[in-house]
1. Does anything in the range 43-85 have its amide N under 16 Å from the 7 Å Cα→Cβ label point of Tyr93, and if so which residues?
2. How far is the Cα center of the range 1-47 from the Cα center of the range 85-101, in Å?
3. Using the heavy atoms of the protein chains alone and a 1.4 angstrom probe, what is the accessible area of the chain per residue in square angstrom?
4. Determine how many Å³ per residue the convex hull of the Cα atoms of the chain encloses.
5. Percent of accessible area on the range 1-53 owned by carbon and sulfur, 1.4 Å probe?
6. Given contacts defined as C-alpha pairs under 8 Å and at least six residues apart, what's the relative contact order of the chain, whole-number percent?
7. R0 = 30 Å: FRET efficiency of Ser71 with Arg13, Cβ-based, nearest 0.05?
8. Only residues of the range 1-25 count here: report those whose backbone N is under 16 Å from the spot 7 Å along Cα→Cβ of Ser41, or say none.
Amino acid sequence: SLATLDSIVFWARGSGIISLAFDKLKTPTEGKAWAHLSLDSTWTRYTVKPTNLLDADSIGGNIGWDAVKDSVSNITFLGNSGTDFWIDDIHLYGVDRDDLK
């Protein structure tokens, strides 16, 4: 469960767009909640809060944060419209270690 997630913070660099997805897989209701961010060629710190995630719209399986927050199975970074990207130093804030059991 990531229901108490305050934010996810990471450093990234590259080109194009990066999509950060919280995936809910292998359950009766599969889908994701995600945000799309423009990358910079220099290392940049990105902060994404649940309120920054797109509202549910079913595009690309987007069922919204409220539908995935209690059973996130993967955190995925996807690149689009660019040639490469790098991710480093990922931190989850507001989540207790026991929430991840």
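1. Counting backbone N atoms under 16 Å from the label point, the list is 45-53.
2. 11
3. That works out to 60 Å² for each residue.
4. Taking the convex hull of the Cα positions in the chain, it is 95 Å³ per residue.
5. Carbon and sulfur atoms account for 51 percent of the accessible area of the range 1-53.
6. Numbers: 231 pairs, mean separation 45.3, N = 101.
Contact order relative to length: 45 percent.
7. 0.45
8. 13-17
The values are calculated or read from the model by the stated rules, or taken from the named source; none is laboratory data. Keep in mind the model is a prediction, meaning the values are calculated, not measured. Backbone-built Cβ (ideal geometry, glycine too); neighbour counts: all protein chains shown. These area figures cover heavy atoms from the full protein model, side chains too; ligands, DNA and RNA do not enter into them. Shrake-Rupley method; radii C 1.70, N 1.55, O 1.52, S 1.80 Å.
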